[in-house]
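Working notes, structure below.
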Amino acid sequence: MIEIRQLDITYGEGETANHVVRGIDLSIGEGESVGIVGESGCGKSTVLRSLVGLERGWRGSIQIGGRDMPQVRRIADLRLAQMVFQDPFGSLHPRHRIGTALSEAARCMGLRADPDRIAAALEEVGLPAGFADRFPHELSGGQRQRVAIARALIVEPPVILLDEPTSALDVSVQAEILNLLSDRREERGLTYLFVTHDLSVVSHMCDRILVMEKGVFSEELTADDIGAARATTPYAQHLIDASLLGHDTNP
Amino acid sequence: MQNDQILDVCNLTVRFANGAVRAVDGVDLSLGRGKLGIVGESGSGKSTVGRALMRLLPPFASVTADRLSFDGQDLLDLSERRMHKLRGARMSLIMQDPRYSLNPVKTIGIQVAEAARLHLGHRRKEARDAAEAILERVRIREPRRVLDAYPHQISGGMGQRVMIGMMLLAKPRLVIADEPTSALDVSVRGEVLDLLDEMVEQEGAALILISHDIRMVSAFCERIAVMYKGRVVEELAHLGEAEHIYTRGLISAMPDPRLPVRRLKVPDRAALAKLESEGGI
Ligand SMILES: Nc1ncnc2c1ncn2[C@@H]1O[C@H](COP(=O)(O)OP(=O)(O)OP(=O)(O)O)[C@@H](O)[C@H]1O
Ligand SMILES: Nc1ncnc2c1ncn2[C@@H]1O[C@H](COP(=O)(O)OP(=O)(O)OP(=O)(O)O)[C@@H](O)[C@H]1O
Ligand SMILES: [Mg+2]
Ligand SMILES: [Mg+2]
């Protein structure tokens, strides 16, 4: 479903150039759920943004659903993959009502966006239909993130890229959203690429987990590896160990 | 915690939209030097408590309390000018969306140096050096490059560390950190927590840590207040003490890599609503 070959991204030029993504390969099958973990600033969001067409000037090749992705995407390309962002606030226009945000997302992709569909999209992520009339600042952080997920689902893409989709959510809503994401994946055969700092979330959601370090993938783990705190590179081992903070205080 | 009470809050209530939304409903908090965690579901009012303490809520929000005192001063009585002086100096809020609390049209370096000038009385060159040093202290790689970057050019986790760095410069008495580590990878998270801990220990500060990461909060804080629909339903020293069905629901909703499940447990909201209508919460 996703084929990346030798993806390379550098910000800036000359002395200030920042070589963020350094020739990565990635192959994800249809219906698979793959995770990326790694240090803050190592380039995870940059990879997702280039997949979804938000980065220009990458080198290498990106295929989604068998189609070669050009630097500048057409609507048909954009409908293949939707992204849920790290900052729920930043991804919603502050002066647009939630209903408008959702209908614009659908309409941009040439889809129907009547009030019934908006109501259904909100209810699908556990929000009351009446939230369509609210502005983003009238919602809590977690409520905004549900809206961001509804906005991706409304386009019905085969691929969803999730950048820290639950980091602003409390654990109970996180559980609801993760179950919702699992259900949609099962139902529609969706493919997920999931970026998160939370190793327990990524091992719950993903079959394979890639550890990213300084712009390259340094190790691939399974959910079992994380459960057993077993890695081969020191960095991955450190990540797993650090993520166990507080696990022993469980009642 | 003898006489060194820093924050004393009694019956704090915040209403939005002409009283239709009661976002915070009679919260009591008392805090000296040390670390208090606030957990609770999304929309339960955690951030609103933080913003009310800082008096940063919009004018249409109605804030009332029987007592809202910080270092012996009544916060509800202070003029906006005095309040402005307190904020960022004696009390400090690290916001949930860090990149939106930074000024988008100024470089990181200018903003951090401004904080160094304000709080340390540094001049230009000194302030710039202090800015670089504090970015190193919050473990930002290549601090020079980050000093010249604009907020949209740095990653989410870097933005959060910049905010924490600016706060450390001010050495406040009370820090309210709203999800300070949610955008950080776990290894940096440990170091940021160490920095916050150091600040509490060395400066004798009070820290309110708002987070949905219950395990992290319980490992890090001495006390945990659990919020549900605007109220504190219980205060705990350990997760093991949790009695409230809401808190237990939160604990069992967390994924655990050592015990994989196909679906996560979600709280029984119908049962909670019923209990609530019967006055059991
Ligand atoms: N628009 C931009 N211009 C210049 N540099 C950028 C830009 N966006 C990101 N960068 C840089 O690219 C690097 C990778 O950023 P990215 O956002 O991909 O990190 P990340 O792995 O997602 O981190 P986090 O976990 O903190 O979100 C960082 O060093 C960042 O400063
Ligand atoms: N400016 C506002 N106007 C109207 N309602 C608001 C406003 N700000 C917050 N609310 C409402 O107040 C309640 C509490 O919101 P708050 O942001 O404090 O929640 P929270 O516990 O911090 O949630 P999260 O974990 O998602 O950040 C929510 O129901 C929210 O919709
Ligand atoms: Mg990122
Ligand atoms: Mg909040």
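Here, each number is a calculation from the coordinates, and none is a lab measurement. Quick caveat: nothing in here was measured; it's all calculated off a predicted structure. Glycine also receives a Cβ, built like all others from the backbone with ideal geometry; neighbour counts cover every protein chain displayed.
Short-range pairs are left out: with C-alpha atoms under 8 Å and at least six residues apart, the relative contact order of segment A:1-156 is 20 percent.
Over all Cα atoms in segment A:89-156, the spread is summed up by Rg and Dmax: 10.4, 30 Å.
Partner lysines whose Cα lies under 24 Å from the Cα of residue B:265, excluding those fewer than 8 positions away in the same chain, are identified as B:46, B:229, B:274. Estimated from helical segments only, the mean residue ellipticity of chain A at 222 nm is -10000 deg cm²/dmol, where each DSSP H run of four or more residues counts as -39500 (n - 2.57). Summarising the overall dimensions of chain B from its C-alpha atoms, the Rg and Dmax are 19.5, 63 angstrom.
Computed log10 I(q)/I(0) for the protein assembly as shown at 0.05, 0.08, 0.11, 0.13 Å⁻¹: -0.19, -0.51, -1.01, -1.44, from the Debye equation with unit scatterers placed on every C-alpha and solvent omitted.
Around the amide H of residue A:219, modelled in the peptide plane, lie the amide H atoms of A:211, all under 5 Å away and 5 or more residues distant in sequence or on another chain. Close amide H contacts of residue A:33 (hydrogens built in the peptide plane, cut-off under 5 Å, sequence separation of 5 or more or a different chain): A:192, A:207, A:208.
How much mean residue ellipticity at 222 nm does chain B get from its helices, if each DSSP H run of length 4 or more adds -39500 (n - 2.57) and you divide by all residues, to the nearest 500 deg cm²/dmol?
Details: 10 runs with 104 residues, N = 281.
Counting only the DSSP helices, I get -11000 deg cm²/dmol.
When you restrict to C-alpha pairs under 8 Å that are six or more residues apart and normalise by the size of segment A:89-156, the relative contact order lands at 44 percent. Each residue of segment B:61-68 was assigned a 3J(HN,Hα) from its phi angle through the Karplus expression (A = 6.51, B = -1.76, C = 1.60, θ = phi - 60°), giving 7, 9, 10, 10, 7, 6, 8, 9 Hz with x at Gly and Pro. Under a 5 Å amide H cut-off, with hydrogens placed 1.01 Å from N, residue B:67 pairs with B:10 among residues at least 5 apart or on other chains. Segment A:107-131 and segment A:229-245 have Cα centres spaced 41 Å apart.
Using a cutoff of 8 angstrom between alpha carbon atoms and counting only pairs six or more residues apart, the relative contact order for chain B works out to 24 percent. Applying the Karplus relation 6.51 cos²θ - 1.76 cosθ + 1.60 with θ = phi - 60° to segment A:23-37 yields 3J(HN,Hα) values of x, 8, 10, 7, 9, 10, x, 5, x, 7, 10, 10, x, 10, 10 Hz, where x marks Gly and Pro. If the chain linking residue B:148 and residue B:265 were pulled fully straight, counting 0.36 nm for each residue of separation and taking away their Cα-Cα distance, it would gain 37.6 nm. Per-residue Karplus couplings for segment A:101-113, computed as 6.51 cos²θ - 1.76 cosθ + 1.60 with θ equal to phi - 60°, are listed in order as 4, 6, 5, 5, 4, 5, 5, 3, 9, x, 10, 5, 9 Hz, Gly and Pro entered as x.
Counting only lysines at least 8 places from residue B:125 when in the same chain, those with an alpha carbon closer than 18 Å to its own are B:106. Between residue B:278 and residue B:125, the C-beta separation translates, for a Förster distance of 56 Å, into a calculated FRET efficiency of about 0.30.
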